[in-house]
Structures are given as structure tokens and as C-alpha cells.
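What follows is one structure encoded as C-alpha cells, with my remarks underneath.
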Amino acid sequence: MKNLKIAKIFYDIAKYLEIDGVAFKPYAYEKAANSLEALEKDVGEIYNKGGLKALMEISGVGKNISDHIEEYLKSGKITIYEQLKKKLPLNIDELVKIEGLGPRKVKILYQKLGIKNLKDLEKAVKKHQIAPLSGFGQKTEDNILQGIEFLKKSKGRFLLGDIMPAVKEVFEKLKNLKEVKKISLAGSLRRKKETIGDVDILVAIDESRGPAFAKASAGAVADFFVSLPGVEKIWGKGGTKASVHMTDGFDMDLRVVPEKSYGAALQYFTGSKEHNIITRKIAIDKGLKLSEYGVFRGSKAIAGSTEEEVYKSIGLPYIEPELRENEGEIQAALQQAQGNLPGLPKIIELKDIRGDLHCHSNWDGGENSIEVMAKSAMNLGYEYIGISDHTKFLRIENGLNEKQLLDQKKEIEKLNEKFKNQGLKFRVLHGCESNILNNGSIDIKDEVLAQLDYVIAGVHSSLKMEKKEMTARIEKAMKNHNVDILAHPTGRIVNQRDEYKIDFDKILKIAKETGTILEINSSSRLDLRDFYIRRAKAEGVKMIINTDSHNKDQLNLMEYGVGQARRGWAEPTDIINTLAIKELLKYFE
Ligand code: DGT
Ligand code: CA
Ligand code: CA
């Protein structure tokens, strides 16, 4: 699958064009890259089946972009990209990832100091060559250093949402093999960690027809695995396991086991390592041995084929994968086993979600109309969608002003009328994603905010404020009666940007006082983080899981927000978009 490779090239092109000061075009490349990342089908297959026309049906892909994709599929190159690289021979992707280094600054650093990559940049920072440059200064140099440290920490780990579409494709192919009786993702991917070191897949084969048959089956699965289309390198292959490197950049491990030890193997390979260490110890304390092959008393296997059975044999209820981090789940499980409360949380599931309230329409430069977004939400089985376009302070995002918001209100009323006449129960809610200005005020007049169904507010500028100021800024916004939801509360972006400096305990306290709902943003922000979700839950602060979709396909990102919420032990009652509309609206009164 070349989707991610091509997406990366498009991101690079966008950045090069930005450096050159080209207007609008960079955004088009980014949009195309976004949808390629989210695409669950191989772009090569799409092209082979339907040619340029089929490519152009991918959202964000027009004539120009589809030509580029075709060129890449045919030649492995995109001419304009090669030309841009020649003109500015930089590792652009690496450099602009540094927080505080926009394309403009990257260009200056190249022209003045010959900085081409992260290494050059780090050297220059250490020699204090950056601060003296005009437009930079000591603060920028410090920020760059921080950014470098941050990037180093996250190196080599992939965003869950970035690799999942490619993984799902492989998974489906394996699942369809006749030798495969059971299959599951394992490791950090199954635990829905926000970043993934490598992909682990576990397969069970039929052993009931004798060892020779089982051996042949396992071999067939491993052979198939290493010959998958996206495999670039084979790290190793044995009779029951294989390990490969994919063109998309990540590694995958496959394990094949007989059905009778599938549960034990799944428990082992799901991890985490820390969780496994404790479960094994519990087994030992009971005079048992727990391994990837099963649970044994002496040489007799007493459990192994399912995880439920494995946990039960060591005296524990089933523990959801997202909880297996040795963060108190074992104590909770033991408590439950002894009949005490609260025990393990009954964590939220994707099917509990009834709507998505952070969605952008083409009013603010998003890709799809309100109606298309609404229909896509209906197809997901939702009961409502909330349109929350950016507001006027964010000019680059075509933020809406008061008048446009009121016009939009009318359009939404009309649309709801139409749905009603069609006998549909579905409802479009009208909100906005307003900006919390430096002094904590909102960039839209209160009398207009009051006319919306709900208001989201978020920080989108001056991210580097001192802790006290930033906390006070957010506090003031939360205390605005019209503000219902605090978007991406800490400002972090996975592998890209650390959170702002804030006093999270204070934010929780204010949320409790004001009834402000904290968002769990499902995009690459994954903000709130899992441990903050747990703290919010403990304080009784309500949350909402939103996708922050800028097109209809991104509505599918909900699964990652839900994964994050599950890792944060959130139950349906902690999350307000599990509610039917009538109950939901009470939170916005
Ligand atoms: P990752 O790949 O870094 O995102 O994290 P994981 O958790 O997927 O780790 P990985 O792929 O190295 O191993 C998959 C699982 O296998 C891991 O979660 C637990 C189990 N495992 C691997 N090595 C060990 C080990 O040395 N001891 C124990 N107890 N379990 C291990
Ligand atoms: Ca792994
Ligand atoms: Ca692994």
C-alpha cells in the first residue's frame, strides 16, 4: 500500500510551496494527504480498477493531484516534488515538525546557516547561532531546543490513527485465509496506545487434524504474510512466526499458534509487559504457571484457548485490553473478584456513541456541506451531528463572523425541517468552535453565541503563555455562560507538540463549578490524554468525544477517541455524547 508514502510526499510539497509563499495550493496538497491517510483502500488498487476517474472520487483529490498520484504509481516519482527538493535540498518534514519553526523560518535557517536537517539544527542551537538571527531571538532558540528534545523522544513511533487503515487492510487479507481460524491484533495496537512501536498480529490455526496439517497451515499463513504487497523487507521467518518491514514505514510481527493456546498467546502478546509480569505472579501465587502457551498446574494445561478462561483460571475477571497497563486494573479486578465495589470500570464502546459535535462544514473551508456531513453521520447510525465551524479570529481557517453564524443557523433550521418532513429522527445541532483570545474573551459576541445550540471554545493562538496566564485565560472562557465545551483542553498534538503550560487541577475544578464539558479530541491531537481522562472522571467532570472532522471521512476517527477514553477508564456515563438528544441538550442550557 503506497497511501502513506504518497501522503508524505504531498505534505512535503505543501511545505515547500509554503516556503515559496504560494497561496492556497499548500492547503490543497494537505487536504489530499489527509484523505489518503484515512483511506482504507489501497490507492494503487483504486487506480488499477478505475483509473484517474476513480482517483478523483477520493475526497480532496482533483485533477492535478490525481495526475501526481498516477505519476507516482507508474514511475515511483512525482516531478514537481523532485524539482522542489532540488531547489531547496532540506529534510523539510523533519524541520517543520519542530514547534515554532514555520516554513518561513526554515528557509531563513537554510539560507543563512545552511541548515538542512535536524542534526544541522541541533548543532546550530548548541553553538547559539540561531538567537542572533533577525526575527529569531533567544526565546525562539530555546523553543527550538525544546522541540528537538520532544521529537527525539517520539522517534520511531507511529500514530495509531495513521497506521490503522493500512493495518486493517492486512488484517482483512489474513482473516480471509482458509487456514486462519482466529485472528486478533495484539500488542500496543490492541491496547489502543496513541503511538505504536510495531504491529503485532496473532493467528490461530486448526490443530485437530494432526501435527503435519497444523504445521502446513502455520507455514502457509507465514508465507502469505511475508509476501503481502506492502512488504519491503523480511526481518525473519520461521514455521510459526514472521517479522516484516512495510513500505509504509512500520514493522509487523506475526505469531501463529494452535487454537488451544490462542487465549494464552493473545493475553501474552497483548501485554503490556508490566501487566503480564503481575498476572504471571498471581498465577505463581496460586501454584500455577502462566505462559504464552497456557495456564498450567504442573504439566497439565488448565486453561488456554480463550482470554476469559485464562483470567478466570487465575481468579480474575476478564480485563479489557485498554486497561492492561498495570495502572490499578489488577487491584480493581481483584476487588471485583471478591465481590467488592467498584471493581473494573465498564468502559465505553464505540457503539455507545450517538453523535459527534465537533465537525466542520464547507462554511469554514471544510470539505463537505452540512447536509453531506449530516448524511454521513446518519450512515454511522448517529442520532445527531453538531456543526461547529471556526469563528472569525482564525482567518486562515475562514472563520465565521456573527452574521455568517446567523445565516448558517437558518440553513441548519431548514435542513432539520427537511429531515423532519422525510420522517427522519436525525437532528443537526448548531454550534461553533470559537477562539479563546489572549485575555480569555471569546471572539464572537455573546448575543450571537446565545442563539446557538452549543458553543465550543478553544485556544488556537499564543500557545506559549506562562502557566498562570494560560490557566486564567482558559478559566475566564469556561466561566462565560455561553461556552459549553472546552476543545482539545491541553493543546498537545501526538508526536508533534507538547501541551500548553496549564494547571490541569485548576481546569478540572473550574469545569466542575461551571459544568464545562471537556473534549476528548479524536484527531491526531488525542487530547485529553488517557491519564487526564481518568482524573476528570474521578472528579466527576463530564467529557465528550469528538472527531474534529474537516470532511465526512474523518467522522470515522471516532474509534481513536473512544480508544483513548477507554484507556482513561471512561464509562458511558462520563461521556455526554452517549446520551439521547433530549438529555444531551440539558448540558447546554
Ligand atoms: P510497542 O510495540 O512498543 O508499541 O509496544 P508493545 O506492547 O506492542 O510491545 P511489543 O511489540 O514489544 O510486544 C508485544 C507484547 O508482547 C507486549 O505488549 C508484551 C509481550 N512481551 C514482549 N516482550 C516481553 C517480555 O520481555 N516480557 C513480557 N512479560 N512480555 C513481553
Ligand atoms: Ca508492538
Ligand atoms: Ca512486536
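Tabulated values for the structure
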quantity: Residue match in the range 235-250 (condition: under 22 Å from T195 (Cα atoms), assigned by TED's automatic domain parsing to the domain that holds D162 and hydroxyl-bearing (S, T, Y)); calculated: yes
quantity: Filter result for the condition that a residue is in the same structural domain as F10 (by TED's automatic domain parsing), modelled with pLDDT of 90 or more and touching a Leu at 6+ places or on another chain (Cβ under 6 Å), over K74, K116, K85, K123; calculated: K116
quantity: Tally of residues being acidic (D, E) and part of a helix (DSSP H, G or I) across the range 32-70; calculated: 4
quantity: Identity of the residue in the range 402-437, without any contact (Cβ under 8 Å) to a residue 40 or more places away in the chain and not charged (D, E, K, R), that ends up farthest from L555 (Cα to Cα); calculated: N421
quantity: Residue match in the range 197-206 (condition: within 25 Å of N495 (Cβ to Cβ), touching a residue at least 60 places away in the same chain (Cβ under 8 Å) and within 12 Å of ligand 1 (Cβ to nearest atom)); calculated: yes
quantity: Residues of the range 134-160 satisfying the condition of being assigned to a helix (DSSP H, G or I) and within 16 Å of ligand 2 (Cβ to nearest atom); calculated: S154, L160
quantity: Inter-residue pairs, beta-carbon under 7 Å, first in contact (Cβ under 8 Å) with a residue 24 or more places away in the chain and in the range 62-77, second among the hydroxyl-bearing types (S, T, Y) and part of a helix (DSSP H, G or I), 6+ apart; calculated: I69/Y47; L73/Y47
quantity: Matching option when the condition is touching a helix residue (DSSP H, G or I) at 6+ places or on another chain (Cβ under 8 Å), under 19 Å from I456 (Cβ atoms) and either among the acidic types (D, E) or surrounded by fewer than 24 Cβ atoms within 10 Å (Cβ to Cβ) (or both), among D530, D548, D553; calculated: D548
quantity: Residue list for the range 291-326, restricted to those being part of a loop (DSSP other than H, G, I, E, B) and touching a residue at least 60 places away in the same chain (Cβ under 8 Å); calculated: E320, R324, E325
quantity: Of residues in the range 174-191 being closer than 15 Å to V256 by Cβ and outside any strand (DSSP E or B), the one nearest to ligand 2 (Cβ to nearest atom); calculated: L174
quantity: Candidates E499, E475 - the one that is under 30 Å from G60 (Cβ atoms), charged (D, E, K, R) and surrounded by fewer than 23 Cβ atoms within 10 Å (Cβ to Cβ); calculated: E499
quantity: Residues (surrounded by fewer than 21 Cβ atoms within 10 Å (Cβ to Cβ) and under 34 Å from the mean Cα position of the chain (by Cα)) located in the range 202-220; calculated: A220
quantity: Residue that is nearest to the chain's Cα centre (by Cα), among those in the range 234-290 that are under 19 Å from F171 (Cβ atoms), assigned to a helix (DSSP H, G or I) and within 12 Å of ligand 1 (Cβ to nearest atom); calculated: T270
quantity: Candidate set from the range 318-333 (those that are farther than 17 Å from A264 by Cβ and surrounded by fewer than 16 Cβ atoms within 10 Å (Cβ to Cβ)); member that is farthest from the chain's Cα centre (by Cα); calculated: Q331
quantity: Members of the range 184-194 found to be within 16 Å of ligand 3 (Cβ to nearest atom) and touching a strand residue (DSSP E or B) at 6+ places or on another chain (Cβ under 8 Å), listed by number; calculated: S184, L185, A186, G187, S188, L189, R190
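For every residue, the table says whether it meets (1) under 23 Å from N556 (Cβ atoms); (2) outside the structural domain of N276 (by TED's automatic domain parsing); (3) within 16 Å of ligand 3 (Cβ to nearest atom).
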position: I163; (1), (2), (3): yes, yes, yes
position: K168; (1), (2), (3): yes, yes, no
position: E172; (1), (2), (3): yes, yes, no
position: K178; (1), (2), (3): no, yes, no
position: I196; (1), (2), (3): yes, yes, yes
position: V203; (1), (2), (3): no, yes, yes
position: A214; (1), (2), (3): no, yes, no
position: D223; (1), (2), (3): no, yes, no
position: G230; (1), (2), (3): yes, yes, no
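Table: residues versus (1) surrounded by 16 or more Cβ atoms within 10 Å (Cβ to Cβ); (2) closer than 24 Å to N495 by Cβ.
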position: L55; (1), (2): yes, no
position: G76; (1), (2): no, no
position: L109; (1), (2): yes, yes
position: G137; (1), (2): no, no
position: L160; (1), (2): yes, yes
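The values are calculated or read from the model by the stated rules, or taken from the named source; none is laboratory data. Only a predicted model underlies this, so the values are computations on that prediction, with no experimental measurement involved. For neighbour counting, all protein chains shown are included, and Cβ atoms are generated from backbone atoms with ideal geometry for every residue, glycine included.
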